[in-house]
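Student: The structure follows.
The values are calculated or read from the model by the stated rules, or taken from the named source; none is laboratory data. Fair warning: this is a prediction, and the values are worked out from it, not measured in the lab. Note that we place each Cβ from the backbone using ideal geometry, even for glycine, and neighbour counts take in every protein chain shown. Accessible surface areas use protein heavy atoms only, side chains included; no ligands, DNA or RNA. Shrake-Rupley method; radii C 1.70, N 1.55, O 1.52, S 1.80 Å.
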Amino acid sequence: MTAQPAAYGSRAWQTPADSRQMQALVSCCWREDWPNVHLHAGDIDWWSRQTLDPTPGLEERVRLWFAEEPDATELVAFAWYGSPGDVDLTILPAHRSTALTAAIVAWAEGRVARFGTGQPARPARIWIAESDQRQVLALAELGFGPDAQAGYNHFVGNLDRLDLEPPELPPGHALRTISTDADVAARVVAGHAAFPRSTMTVEQYRFCRSTPLYRPALDTIATAPDGSVAAFALAWLDPLTLSVELEPVGTHPDRQRRGLGTAVCRAALRAARAMGGQQVLVAAEGANPAANGLYASLGLGLAARIVPFRRSAPA
């Protein structure tokens with residue numbers, strides 16, 4: 001007898017308790033997918049700063065899918081919409097199927113139709129791990145193909161095998177963690193310099209510092225002789241998997257090629273290892289050779305590519 005497909009119900013994100021369920025789901029996926037992982041539990045807290053965005057808020061950006069049988073409370077998937085049309089989806093391996101993917105895609109395309117901008121409106125881009133053949137095949141059945149011009153490289157490794165000794169810093173520079181409101185403001189300034197398209201605000205960074213997985217001891221900065229933030233690396237430690245993600249990492253353009261990126265990464269990972277961290281993940285834009293070179297130089301290996309899929313055939 002052919003097994004009947006699972007039935008699913010869905011609803012919008014409602015409260016931070018939903019974010020905790022999403023983090024638990026990501027941790028389950030991590031255990032099964034490692035080293036070809038897509039998301040880390042820390043991503044949920046980092047992205048949750050969008051709670052402060054009035055249009056659209058998290059209740060419009062995030063949707064959760066539950067198995068209706070046998071337990072309607074079991075979260076099996078979620079999708080996160082990011083303007084102008086990018087959608088990250090996460091599905092428990094046992095539930096990865098064309099039927100559930102189709103439901104998520106329909107919701108994602110509805111988000112783009114409602115909130116997308118541009119003339120013409122940008123089509124939805126569904127981000128998944130290129131190595132996840134079940135998801136690749138499901139999207140192909142729905143008329144989606146990979147966008148070869150975009151993507152992120154995921155570098156991974158085991159913390160106990162990395163050289164995390166602090167390198168020598170340029171004269172006048174120092175390593176420490178963020179501890180004051182002035183540090184937060186200086187960190188946001190450095191972030192805008194490193195990532196010109198960043199929309200991070202001081203209020204949003206403060207919000208991230210209030211999330212459950214944030215640890216002040218892992219929020220590392222390198223300061224320049226004038227006291228400004230020259231480089232930064234924030235590590236997130238998932239207590240369920242003891243995995244660590246570096247997100248974000250950046251160096252002020254005026255301070256690059258001085259070893260500061262290496263210094264802040266090693267310091268953050270060294271602190272995470274002291275807290276029990278075992279595995280590490282960091283993402284680099286495929287078109288950014290400097291970032292890719294930095295993470296390779298840390299001793300991390302390229303494990304997965306996270307790529308967007310666009311609809312390549314009429315719906």
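Student: Against the definition (out of contact with any Lys or Arg (no Cβ under 9 Å at 6 or more places or on another chain), of a type in the set (A, V, I, L, M, F, W, C) and open to solvent by 60 Å² or more (accessible area, probe 1.4 Å)), how does LEU52 come out, yes or no?
Tutor: Judged against the criteria, LEU52 is a match.
Student: Would a scan of region 304-314 turn up a residue that is at pLDDT 95 or above, under 22 Å from GLY261 (Cβ atoms), surrounded by fewer than 20 Cβ atoms within 10 Å (Cβ to Cβ) and touching a Gly at 6+ places or on another chain (Cβ under 9 Å)?
Tutor: yes
Student: Does region 252-304 hold any residues that are among the polar types (S, T, N, Q), assigned to a helix (DSSP H, G or I) and under 18 Å from the mean Cα position of the chain (by Cα), and which are they?
Tutor: ASN292 - this is the single residue of region 252-304 that is among the polar types (S, T, N, Q), assigned to a helix (DSSP H, G or I) and under 18 Å from the mean Cα position of the chain (by Cα).
Student: For residues that are open to solvent by 20 Å² or more (accessible area, probe 1.4 Å) and touching a strand residue (DSSP E or B) at 6+ places or on another chain (Cβ under 8 Å), scanning just region 111-126, find the one that is nearest to LEU39 (Cα to Cα).
Tutor: Out of the qualifying residues, it is ARG125.
Student: Also, quick follow-up: Residues in region 174-183: is at least one touching a Ser or Thr at 6+ places or on another chain (Cβ under 8 Å), open to solvent by less than 50 Å² (accessible area, probe 1.4 Å) and touching a residue at least 60 places away in the same chain (Cβ under 8 Å)?
Tutor: no
Student: Next question, about the same structure. Going by the conditions given, is LEU137 open to solvent by 10 Å² or more (accessible area, probe 1.4 Å), at negative phi and in contact (Cβ under 8 Å) with a residue 60 or more places away in the chain?
Tutor: no
Student: Return the pairs, sorted by first residue and then second, in which the second residue is surrounded by fewer than 24 Cβ atoms within 10 Å (Cβ to Cβ) and of a type in the set (Phe, Trp, Tyr), the first residue lies in region 213-234 and is in a strand (DSSP E or B), the beta carbons are less than 9 Å apart, and the residues are 6+ apart or on different chains.
Tutor: LEU234/TRP46; LEU234/TYR214
Student: Ok, one more. Any residue in region 143-157 that's under 18 Å from GLU245 (Cα atoms): show its pairings with residues that are part of a loop (DSSP other than H, G, I, E, B) and open to solvent by less than 20 Å² (accessible area, probe 1.4 Å) at Cβ separation under 9 Å, as long as the two are six or more apart or on different chains.
Tutor: So the pair list comes out as HIS154/VAL37; PHE155/LEU298; PHE155/LEU300; VAL156/VAL37; VAL156/LEU300; GLY157/LEU298; GLY157/LEU300.
Student: Next question, about the same structure. Taking into account only those residues within region 93-144 that are part of a helix (DSSP H, G or I) and among the basic types (Lys, Arg), which is modelled with the lowest pLDDT?
Tutor: Within region 93-144, the match that is modelled with the lowest pLDDT is ARG114.
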